[in-house]
Each structure stands twice: as structure tokens, then as C-alpha cells.
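I have placed the structure first, in the form of C-alpha cells, so that the comments after it can refer back to it.
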2 protein chains.
Amino acid sequence: VTEDELIAAIAALCHPERNRRATPGELLTIGDDAALWQPSRSHRSAISTDMLVEGVDFARDMMSLEDAGWRAMSANLSDLAAMGAKPVFAVVALGFREETSPQEILEVYRGIAACAGNHKTAIAGGDLSRAPALTISITAVGEVRPSNVKTRSGGRPGDVLAVTGPLGAARAGLALTRDGVTIRTELKDDALRALRRPLPRIAEGRFLAASRNVDAMMDVSDGLSTDVHRLSNASGCGAVVETVPVAESARAVADAKDEDPDRFALGGGEDFELLAAIRPRAFTHIASRYAARFRKELLRVGTLRAESGVVWRGAPLERSGWDHLGR
Amino acid sequence: VTEDELIAAIAALCHPERNRRATPGELLTIGDDAALWQPSRSHRSAISTDMLVEGVDFARDMMSLEDAGWRAMSANLSDLAAMGAKPVFAVVALGFREETSPQEILEVYRGIAACAGNHKTAIAGGDLSRAPALTISITAVGEVRPSNVKTRSGGRPGDVLAVTGPLGAARAGLALTRDGVTIRTELKDDALRALRRPLPRIAEGRFLAASRNVDAMMDVSDGLSTDVHRLSNASGCGAVVETVPVAESARAVADAKDEDPDRFALGGGEDFELLAAIRPRAFTHIASRYAARFRKELLRVGTLRAESGVVWRGAPLERSGWDHLGR
């Protein structure tokens with residue numbers, strides 16, 4: 001059973017008709033980066049939830065507890081960014097071990113609050129629980145204009161697939177803490193920052209969401225190779241991956257490990273860049289406005305097409321990213 | 001450091017001024033059962049989050065995985081009930097061990113969906129993660145009329161403290177699965193149901209929230225002895241506990257264990273009854289309407305008073321309930 005299959009089984013279980021509310025206009029989604037909800041006619045809220053577990057998603061030799069808190073909050077805000085939403089607040093459930101000191105708990109919260117504060121997101125409440133490993137479970141709530149909501153399923157054949165920045169830096173950071181690889185200092189700093197203090201692309205997400213020519217959006221959290229499959233499947237399309245924009249630090253690490261840099265970046269999740277499907281005629285215009293606004297490139301990675309399946313270098317692209325049920 | 005002290009330190013960390021949003025009319029609370037949010041002028045949303053961990057909050061010899069899922073959802077809905085809110089939807093983050101089968105994960109979800117469906121609450125999304133123990137982290141969102149919002153802090157000296165039903169049944173259920181106690185079959189069934197399939201008091205909460213004479217409300221999730229302290233502290237009062245309404249099954253278990261039934265029930269959390277502070281002149285009227293509506297009694301347990309501290313049987317009442325940092 002793959003993660004996506006299990007999620008489909010869960011969705012079937014959670015969406016019997018009696019479970020759906022009759023309120024007209026209320027939106028509820030499962031399978032997107034965040035759930036959508038319509039509290040009143042003019043408002044849409046997006047809600048995302050994410051759990052980070054010590055020993056699974058982070059370890060103390062990879063990052064500090066403050067970094068772990070930051071990362072957990074960032075993962076949630078990234079999910080909101082993927083829906084085009086502006087974050088408003090979050091609630092935090094924290095599980096901790098008997099040996100965890102109050103200082104350590106506060107360290108985690110310091111990272112959570114720093115990342116939240118960076119994006120004007122309030123921490124509105126939470127829960128504390130004993131657990132066999134430090135567990136950070138955050139739910140973030142954001143707002144989005146009804147007309148700006150983007151999901152994974154709006155892509156159309158012909159759409160240009162683009163990402164908000166180069167990929168693989170967080171994976172490079174992980175390799176630096178784990179595999180004893182050495183690369184140039186500035187690139188090392190970049191990679192470790194991508195791993196420990198990733199930035200949710202809130203502004204980029206809102207910029208793209210404001211365009212009617214952006215058909216679909218999601219964040220690249222499990223690796224482009226996996227997430228292109230997810231976006232194109234959800235949109236009832238296939239895709240061709242033409243170029244993989246590899247982060248400089250990822251290229252250096254891949255070179256040092258004697259690996260294919262493209263493949264390394266394709267399998268690198270959690271850079272929190274956004275993947276968007278954009279109408280082909282509008283792409284150049286959007287990309288130039290994006291470059292002017294953010295002083296970086298909107299990077300074309302491929303094209304959606306009617307035939308199902310994802311193709312790269314003329315062959316089916318395997319999902320090389322993280323599957324939470326795998327390994 | 002007690003749990004309440006740690007929560008205060010966390011709240012201080014999360015609420016620096018730069019973390020507060022400027023939107024007028026937006027409400028954000030920390031320390032209540034749920035966070036409150038105002039998505040638009042006419043709406044208030046309440047958001048609660050709770051984490052249940054196998055081996056800490058439940059074990060397989062106590063309940064099935066379906067029960068655990070039910071309980072996790074119920075705990076969240078109970079927090080919404082305590083704010084007077086009607087639940088709308090929830091998101092679920094589930095951590096599971098390598099050995100956990102997809103069938104077991106679906107069993108947990110079946111319990112979550114059953115409890116949610118019972119209260120017309122949709123499951124709108126979630127997250128799956130590896131973890132060293134089965135971890136169920138749910139965030140539920142509800143709606144409440146602005147004029148009906150109840151918090152812990154609205155109590156006034158003289159208010160009658162009342163609970164929506166007798167206490168201690170869930171603790172009795174726990175003792176039955178753990179301590180090898182034997183009691184009459186119907187009482188045993190009651191106790192095990194209270195432990196495994198607790199009902200959030202949504203209707204009771206909304207009924208009480210609709211009255212202007214109810215000043216404060218919370219759910220009894222960590223034991224009345226602890227929660228009376230919390231409500232009276234938050235309200236800047238003290239309290240006298242006059243009567244402890246002991247559930248029949250709790251009395252039977254306490255008798256079998258040769259313990260004081262009142263003390264047993266005072267320390268019994270997670271019955272999910274609501275504790276309300278009600279204006280003294282209105283109490284009789286509200287209690288009689290409550291009895292007519294719910295065919296059970298609104299049970300008086302004591303009185304708020306100006307002097308701080310909680311008194312029971314003429315002496316300070318110790319917090320005997322669950323402290324997540326204790327033991």
C-alpha cells in the first residue's frame with residue numbers, strides 16, 4: 001500500500017454522505033495541501049496540519065530544537081502558501097518525553113514563534129502531551145479570497161509547470177549532516193539554512209494565486225518527482241518534465257557524492273518551493289512580473305499533457321521522493 | 001514546573017506584541033479550551049487541538065483502535081462544546097509505527113469518522129507520519145455566535161458552579177481495565193462506555209452558551225479538582241466545592257477499591273462533562289429548563305467566591321487530576 005492509496009482509503013472512510021454537511025457553498029477538500037472552508041459567503045479559510053516527529057523527521061544532530069519548531073511551522077505555512085492563502089494563526093500540539101526539560105519545550109516553541117512571527121501568524125492555543133518521542137503537530141489557518149483559491153486539480157493539458165525556485169537544497173543540507181560530504185562554505189550555509197530554517201513561499205503563493213492564468217498549485221514537499229505525479233494525477237493529466245532546476249548547493253553535494261544532480265534534486269523534498277501549472281500563453285508575462293517582484297526566476301520545469309503518466313528524459317519518471325509508508 | 005506554569009511560559013513566548021495581528025475585532029485566546037477567531041464581523045470560530053498517544057493516553061488492553069480514534073475526536077469536540085460552539089470540521093494528523101498495518105490505521109480513522117459523523121463534523125484533511133507510537137492529533141473547528149461565546153474567565157463571585165452530569169465514570173472504566181476490579185454488569189458497561197466512547201456535550205454546551213446568565217464554561221477533562229482551580233483562577237476568583245456528583249459506576253468502583261467515592265470522582269478526568277459558572281438568581285430556572293430539555297439534572301457542585309483558592313470539606317482542595325507533566 002502506498003501513502004497515496006492509504007490516503008484515498010481514508011478519504012473514502014471520512015466522506016460518506018452523512019458526513020458531508022449540507023450548508024450550501026461550504027467547501028471541504030481532502031487530498032490538497034490544506035482543507036478549505038467557507039465560514040461566510042465572502043470568506044474562504046484554508047487549514048493545514050502537519051506532524052513532525054524526532055527520529056523520523058528530524059534529529060538533534062541535524063538541527064536544534066528551535067530549528068525543529070521553525071521547520072514544523074514552516075511546513076504548515078507552506079501548505080497554506082500552496083493554496084494561495086495568507087496565514088492568520090496556528091494551534092500547536094506538542095508531545096514530549098519524560099526526559100524532555102521545560103527549557104527544551106520552550107526552545108521548540110521559540111522556533112515555532114519565530115517562524116510564525118515572521119509571517120504575522122499568531123499562536124492561538126495548543127495541547128501538551130507525553131509521548132515516546134518529541135512530536136510537533138501544528139495546524140495553521142489562513143485566509144484566501146474565494147477567487148484566488150488554487151488546488152492541485154485545476155491543471156490543464158498544455159499548462160506550463162514551473163517552480164518558485166531551484167530544488168534540492170534541503171536534501172543537500174541533510175546529506176551534509178549525515179553523509180560527511182564537504183562542499184564550499186557558502187553553499188554549505190545555504191544548504192543547512194534550507195534544511196533548518198526553510199522559508200514558506202507565502203508571498204510567492206499569493207502572487208501566483210492572484211492570477212487567473214495559474215490553474216493549479218501545490219508545494220514541493222515530497223520531491224518534485226513525486227509531486228509532479230500528484231498534481232498531474234489530481235488534474236487528470238500527465239506531464240513531461242523538461243528541466244530540473246537544481247540548487248547550487250544540491251549540485252555541489254551531488255557532485256561530491258558522484259550522483260546525478262538532476263536526479264538528486266528530483267528526489268529532494270521539503271524545499272517548500274511551490275509548483276504551479278500556468279496557462280502557456282500567460283507564462284512569459286507572469287514569469288517576468290514574478291522576476292521583477294521577487295528578484296528571482298520563476299523556473300519552468302515542464303508541461304502538462306493529456307496522456308497520463310509523467311515522462312522525464314523520454315522514460316517514465318519514478319517517484320523518488322519521500323513516501324511516509326516506504327522504507 | 002507544573003503543566004499550568006509551562007503553559008503560561010509558552011503563552012508569554014507566543015504572544016509578544018509583534019505576534020499579535022492588528023485586525024480589529026479579531027479574537028485570539030490561549031489557555032481556554034479552544035482558540036477563538038473572528039473570520040468576519042458576524043462569525044466566531046473556535047479551534048481546539050488535542051494529541052492522544054498510545055501508551056500514554058490509551059493502550060490496546062484498555063480499548064480498541066476504533067475506540068481510541070473516537071476518544072481523540074470526542075476530546076476535541078468536547079473542547080468546542082466548552083466554548084458553546086457547534087463543530088463544523090476537523091483535520092487529523094496521524095503518527096504510526098512501522099509495524100502498524102494500513103488496516104489498523106483505517107480502524108483508527110473509522111472511530112474518528114464515527115464520532116465526527118455523530119456530530120455532523122466533516123473530516124477535511126490530514127497528515128500521515130511515522131512515529132514511535134500511534135499518535136492521534138486532531139484539530140477541530142466550530143462556529144459560535146459572537147454573543148454566545150463562553151470562556152473560563154467570565155465567572156464572578158457568587159456564581160453557582162454546576163456540571164452537566166455525574167463524574168468519575170471514565171476513571172471507573174480505566175480502573176476496570178487495569179485494577180481487576182469487579183462491579184455489576186450494567187455499571188461496568190456504563191463505565192467502559194464512558195472510557196471508550198465518551199460523548200462530547202455539544203448540545204448541552206450550546207444550550208448553556210445561549211444563556212446570558214452563564215458566565216464561564218469549560219470541560220472537565222483533567223478532573224473536577226484541577227478544573228475548578230482553572231476556572232476560578234481564570235475568573236480571578238476562588239471557589240467552594242459543596243457536593244461532588246459521583247457517577248454510579250464510579251461509586252461502585254470506589255467502594256470495591258475501598259476508596260472515598262467523592263475523592264475518586266474529583267480526580268477523574270475525561271468524562272467530558274461541562275463545568276459552568278451560572279448567575280445564582282438564574283440557576284434554578286436554567287436547571288429546570290435543562291432538565292426538561294435533556295432529561296437529566298444540571299448538577300450543582302459549588303460556588304465561586306471572591307477569596308482565592310478552592311475549598312472542599314473546609315480545607316484547601318488539592319488538584320488530584322491528571323497533570324501531563326506529573327509522574
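The values are calculated or read from the model by the stated rules, or taken from the named source; none is laboratory data. Just so it is clear, the structure is predicted and the values come from calculations on it, not from any experiment. Cβ atoms come from the backbone with ideal geometry, glycine included; neighbour counts cover every protein chain shown. In case anyone asks, the SASA skips ligands and DNA or RNA and just uses the protein heavy atoms, side chains included. Shrake-Rupley method; radii C 1.70, N 1.55, O 1.52, S 1.80 Å.
For the protein assembly as shown, carbon and sulfur atoms together expose 47% of the accessible surface, with a 1.4 angstrom probe and every protein chain in place.
Pairs of Cα atoms nearer than 8 Å and 6+ residues apart set the relative contact order; for region B:158-272 it is 45 percent.
Taking amide H as placed 1.01 Å from N in the peptide plane, the amide H of B:Asp159 sits under 5 Å from that of B:Leu304, each at least 5 places away or on another chain. Ordered by 1.4 Å accessible area with all protein chains kept, B:His285, A:His229, A:His43 run largest first as B:His285, A:His43, A:His229. The GluC sites (Glu not before Pro) of region A:96-139 that meet both conditions, a loop assignment by DSSP and at most 13 other Cβ atoms within 10 Å of the site Cβ, are A:Glu98, A:Glu99.
In the calculated pair distance distribution of region A:120-159, what percentage of Cα-Cα distances lie above 16 Å? Each step should come with its number before you reach the end.
Values: 497 of 780 pairs.
Here the long-distance tail beyond 16 Å is 64 percent of all Cα pairs in region A:120-159.
Taken along the Cα-to-beta-carbon direction at a fixed 7 Å, the label points for A:Ala11 and A:Ser101 span 4.6 nm.
So, for the protein assembly as shown, what is the accessible surface per residue at a probe of 1.4 Å, expressed in square angstrom?
Values: 25110 Å² over 654 residues.
Here the residues of the protein assembly as shown average 38 Å² of exposed surface.
Once the partner protein chains are put back, region B:35-52 shows a loss of at least 50 square angstrom of accessible area, versus the chain by itself, at B:Trp37, B:Pro39, B:Thr49, B:Met51 (probe 1.4 Å, ligands and nucleic acids excluded).
For region A:107-174, the share of alpha carbon pairs falling in successive 10 Å distance bins from zero is 12, 27, 36, 21, 5, 0 percent.
Would you please state the base-10 log of I(q)/I(0) at q = 0.11, 0.12, 0.13, 0.22 1/Å for region B:194-327, with intensities from the Debye formula using one equal scatterer on every alpha carbon? For the requested q values the scattering log ratios are -0.40, -0.48, -0.56, -1.54.
How many lysine pairs does chain A hold where the Cα atoms are under 27 Å apart and the two sit 8 or more places apart or on different chains? Before the final figure, lay out the partial values.
On the way: A:Lys86/A:Lys120; A:Lys86/A:Lys150; A:Lys86/A:Lys296; A:Lys120/A:Lys150; A:Lys120/A:Lys296; A:Lys150/A:Lys296; A:Lys188/A:Lys257; A:Lys188/A:Lys296.
Taking chain A as the scope, the lysine pair count is 8.
Total Å² of accessible surface buried at the B-A contact, 1.4 Å probe, nearest 100? About 5900 Å² of accessible surface is lost on pairing.
Residue by residue, region A:306-316 carries 3J(HN,Hα) couplings of 5, 5, 6, x, 10, 10, 9, 6, x, 10, x Hz when phi is fed to the Karplus relation 6.51 cos²θ - 1.76 cosθ + 1.60 (θ = phi - 60°); x denotes Gly or Pro.
Copy-to-copy label distances for B:Gly236, where each label lies 7 Å from Cα along Cα-to-Cβ, are 6.0 nm in order of increasing length. For chain B, adding -39500 (n - 2.57) for each run of n ≥ 4 DSSP H residues and dividing by the number of residues yields -11000 deg cm²/dmol at 222 nm. For A:Leu167, the residues 5 or more places off, or on other chains, whose built amide H falls under 5 Å of its own are A:Val246, A:Ala247. Nearest 5 percent is fine: what portion of the DSSP beta bridges confined to chain B is antiparallel? The answer is about 75 percent antiparallel.
Taking every residue in B:79-90, how many Cβ atoms of other protein chains lie within 10 Å of its Cβ, on average? Please report the intermediate quantities before stating the final value.
Working: counts 2, 0, 0, 0, 0, 0, 0, 0, 0, 6, 7, 5.
Mean partner-chain Cβ count within 10 Å for B:79-90: 2.
By a 1.4 Å probe calculation restricted to protein chains, A:Cys14 has an accessible surface near 0 Å², given to the nearest 10. Computed on the Cα atoms alone, the convex hull of the protein assembly as shown gives a volume of 151 cubic angstrom per residue.
A label point on B:Thr182, set 7 Å along the Cα-to-Cβ line, lies at 7.3 nm from each of its counterparts in the other copies, closest listed first. Between this copy and the others, label points of A:Asp260 are 7.4 nm apart in ascending order, each placed 7 angstrom from Cα in the Cβ direction.
Given an 8 Å cut-off on Cα distances and at least 6 residues of separation, report the relative contact order of region A:204-300 as a percent. All intermediate terms of the calculation are to be shown ahead of the outcome.
Working: 96 pairs, mean separation 39.0, N = 97.
So the answer I get is 40 percent.
Within region A:239-327, antiparallel bridges make up roughly 60 percent of the DSSP beta bridges whose residues both belong there.
Determine the percent antiparallel among the DSSP beta bridges restricted to the protein assembly as shown, to the nearest 5. Kindly include the intermediate steps, with their values, before the conclusion.
On the way: 82 of 109 bridges.
In the protein assembly as shown, approximately 75 percent of DSSP beta bridges are antiparallel ones.
Per the Cα gyration tensor, chain A maps to an equivalent ellipsoid with semi-axes of 28, 27, 19 Å, ordered largest to smallest.
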